[in-house]
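Working notes for the structure below.
Just so it is clear, none of the values below were taken in a lab; they were calculated from the coordinates. Keep in mind the model is a prediction, meaning the values are calculated, not measured. Because the Cβ atoms are built from the backbone with ideal geometry, glycine has one as well, and the counts that use them run over all protein chains shown.
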Amino acid sequence: MSKTIIHTDAAPAAIGVYSQAVNVNGTVYLSGQIPLNPDTMQLVEGIDAQIHQMFQNLRAVCEAAGGSFDQLVKLNVFMTDLAHFAKVNEIMAQYFTAPYPARAAVQVAALPRGAMIEADGVMVL
């Protein structure tokens, strides 16, 4: 098995004992990205800004791994309020084009640092 750890300064540094992503034989497992500004490591404010920042962080890790959102095959979105579901779809459409990845969107009780949204995924290079 070939395993490569992915890291980029264009996305927030890990805030725990994990890697931003791991490439195993061309399949990249992306850790959850919350809407931290990678320069300040502070959450951006407001749900729209948080959704955009989350996708920007996830895209930065995809690019560091040598891929793009076009190669994302599975996306998991976690939000603290499913009332944001339509907004997530609206903003996601600005970052993805058809054919879209498989996706789950679930409500959770809480996310790290008080974030309102988080996403992880799987990308195949």
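Could you work out, for the chain, what percent of all Cα-Cα pairs fall into each 5 Å distance bin, beginning at 0 Å and stopping at the bin that holds the largest distance?
Per 5 Å bin, starting at zero, the Cα-Cα P(r) for the chain comes out as 2, 12, 23, 26, 20, 12, 4, 1, 0 percent.
Among V124, A83, G46, whose Cα lies farthest out toward the positive end of the dipole of the chain, if unit charges sit on the beta carbon of Lys, Arg (+1) and Asp, Glu (-1)?
So the residue we want is V124.
Starting from 0.36 nm per residue, how many nanometres of slack lie between M1 and N25 once their C-alpha separation is accounted for?
On the way: separation 24, 0.36 × 24 = 8.64 nm, distance 0.67 nm.
Full extension of this stretch gives 8.0 nm more.
Output the relative contact order of segment 19-89, whole-number percent, from Cα pairs under 8 angstrom with separation of 6+ residues.
Across segment 19-89, relative contact order equals 25 percent.
Assign unit charges at the C-beta atoms only (+1 for Lys and Arg, -1 for Asp and Glu), then state the dipole size of the chain relative to its Cα centre in Debye, rounded to the nearest 20.
340 debye
Once both labels are modelled 7 Å past Cα along the beta-carbon direction, what's the L82-H52 spacing in nm?
2.8 nm
For segment 1-59, state which chymotrypsin sites (Phe, Trp or Tyr not before Pro) are in a DSSP loop and have at most 12 other beta carbons lying within 10 Å of their beta carbon.
Hits after loop and neighbour filter: Y18.
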